[in-house]
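The values are calculated or read from the model by the stated rules, or taken from the named source; none is laboratory data. Bear in mind that the values here come from a model prediction, so they are computed numbers and not experimental data. So basically every Cβ, Gly included, is an ideal-geometry build from the backbone, and we count neighbours across all protein chains shown. Side chains included, ligands, DNA and RNA excluded: accessible areas come from the protein's heavy atoms. Shrake-Rupley method; radii C 1.70, N 1.55, O 1.52, S 1.80 Å.
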Amino acid sequence: MTLRPFVQCAVLAAGLFLVLAGTAPAAVVLGIDQLEKSNFAALQGKRVGLVTNPSGVDSRGRSAIDVLYHGSGFHLVKLFGPEHGIDGKTGAGDPVANSRDRRTGLPVYSLFITPEGNYRHPTPQMFAGLDAVVYDVQDLGNRSYTFISTLGYVMDEAAKDHVQVIVLDRPDPLGGVRIEGPRLDASFTPSFVGLYNIPYVYGLTPGELAEWINSKYLPRPCRLTVIAMRGWIRPMVWEDTGLRWVPTSPNIPTVEAARGYTATGFLGEIGIDSGVGGPYPFQAVAARGCDPDALARHFNALRIPGVRAQTYDGEGVHLQIDPRNSGNLTAINFQAIEILEDTVDGFSPFGRTDFDQRDMFDKISGTTSIRRQLSYGRPVTDIVHSWDSGVSRWAVERQPYLLYGMTPPHAKKAPSVIAANTPL
């Protein structure tokens, strides 16, 4: 299975562009770098809150907390941490308590589950006294990775509280061309791992997604400013940016794990080993009773462009994924289930799962139909093709919110600040 033809051609064109350029791509200047270069023009005279975690760094590796705390002409007064906490160390789904930052002494509010309750959506008290909230968190480009839900909830509360939102933009590590996977069913209740009716891989930077959220998701738009990157173009994957990967959460220590999350992130929800806790987090497939050699043969027989399976430690297969591959990564989750059913006696992907596991699988899918189709034995090829119309629609729907093109700008300098300000 592959991407839609127009998406696949764009991916291949991206690789050709980099080859013909003859030199390494220019280093990407991040949104936070642009903010620093402007002497924090967007923050002057404001009391500021910051949503971040360890992935929020400038191109020199300095923490966004340190950069803003030592900036002049404004006051950083509050910090906010998404899932995994502001230090990025808390396990997936585990509560994160409010605290104080030990370096700055600033209060830290958890935008997740806390010992006191669910605070995924900020409260008016959290934003009290703020003029602006800055968002600087690296994302993966997947609908189920919860940082983008936090972004939407922050924007929603900011609109209600007349607080400006400033997004410091960062690359989509999968690139800005790849679009794939299911969209949310119209009848399916959105959740924190599936808040928006967008494909599972949506091909936008955080700043571009924020523009879409402001226009299409929020009942009342916020005052939004996106500090754009310089030097990033849509064909770039992470390896093209010249930036160092900083772990976004405990099980995403490398960019390989970030890419693998797209290919195997569904599997762990129903008890299939995806390599988490081992040397290849989100880059492996294994199950009790599987024959790793047979598993590798079946995977490689699919001839997924840019993807190869190798056995490791006699336990399963390690999926080696070319960063510029044109294969459908989301489909690998369901191909793995189909292969395990064919190669492991008595394997039943949902037979030994409990309600919570099936519910989470459905929430990540954005529909109950994929699980039901897999249970009924519908070929994965058919399931993947059923996504085509939603992907095609999204390729058109996202166009008004794209801040970056397919090739570097030549005639005029790329803007350092792109603002979409909506009066309240």
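Taking interchain pairs and intrachain pairs at least six residues apart, which have beta carbon atoms under 6 angstrom, with the first residue in region 59-88 and touching a residue at least 40 places away in the same chain (Cβ under 8 Å) and the second aliphatic (A, V, I, L, M) and surrounded by 17 or more Cβ atoms within 10 Å (Cβ to Cβ)?
SER59/LEU30; ALA64/ILE32; LEU68/LEU50; LEU68/LEU76; PHE80/VAL51; PHE80/LEU111; PRO82/LEU111
Among the aliphatic types (A, V, I, L, M) and open to solvent by 10 Å² or more (accessible area, probe 1.4 Å) - does that describe any residue in region 205-214?
Among the residues of region 205-214, not one is among the aliphatic types (A, V, I, L, M) and open to solvent by 10 Å² or more (accessible area, probe 1.4 Å), which makes the answer no.
Residues are listed down the side, and each one gets a yes or a no for (1) touching an Asp or Glu at 6+ places or on another chain (Cβ under 6 Å); (2) in contact (Cβ under 8 Å) with a residue 12 or more places away in the chain; (3) more than 30 Å from GLU239 (Cβ to Cβ); (4) open to solvent by less than 70 Å² (accessible area, probe 1.4 Å):
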site: ASP273; (1), (2), (3), (4): no, yes, no, yes
site: ARG297; (1), (2), (3), (4): no, no, no, no
site: GLN310; (1), (2), (3), (4): no, yes, no, no
site: HIS318; (1), (2), (3), (4): no, yes, no, yes
site: ARG324; (1), (2), (3), (4): no, yes, no, no
site: PHE334; (1), (2), (3), (4): no, yes, no, yes
site: ILE364; (1), (2), (3), (4): no, yes, no, yes
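Would you tally the residues in region 289-323 being under 18 Å from PHE347 (Cβ atoms) and basic (Lys, Arg)?
1
Just to be sure before I move on: is TYR135 assigned to a strand (DSSP E or B) and among the hydroxyl-bearing types (Ser, Thr, Tyr) in the structure I sent?
yes
Applying the selection to region 109-153, what residues are among the hydrophobic types (A, V, I, L, M, F, W, C) and closer than 16 Å to SER55 by Cβ?
Listed by number, the residues that qualify are LEU111, PHE112, VAL134, VAL137, LEU140, PHE147, ILE148, LEU151.
Which residue pairs have Cβ atoms closer than 9 Å, lie 6 or more positions apart in sequence or on different chains, and pair a first residue in region 206-227 that is closer than 20 Å to ASP136 by Cβ and basic (Lys, Arg) with a second residue that is modelled with pLDDT of 95 or more and not in a helix (DSSP H, G or I)?
Taking only residues 6 or more apart or on different chains, the pairs are ARG223/ALA132; ARG223/HIS162; ARG223/VAL163; ARG223/GLN164; ARG223/VAL165.
Can you tell me which residues in region 374-404 are in contact with an Asp or Glu (Cβ under 8 Å, 6 or more places away or on another chain) and either outside any helix (DSSP H, G or I) or under 30 Å from THR353 (Cβ atoms) (or both)?
LEU374, PRO379, VAL380, TRP387, VAL391, ARG398, LEU402, LEU403, TYR404
Looking at this structure, is GLU341 more than 19 Å from LEU184 (Cβ to Cβ), in contact with a helix residue (DSSP H, G or I) (Cβ under 8 Å, 6 or more places away or on another chain) and open to solvent by 60 Å² or more (accessible area, probe 1.4 Å)?
No, not satisfied.
Could you grab me the full set of residues in region 97-154 that are crowded, with 22+ Cβ neighbours inside 10 Å, out of contact with any strand residue (DSSP E or B) (no Cβ under 8 Å at 6 or more places or on another chain) and β-branched (Val, Ile, Thr)?
Within region 97-154, THR146, ILE148 qualify.
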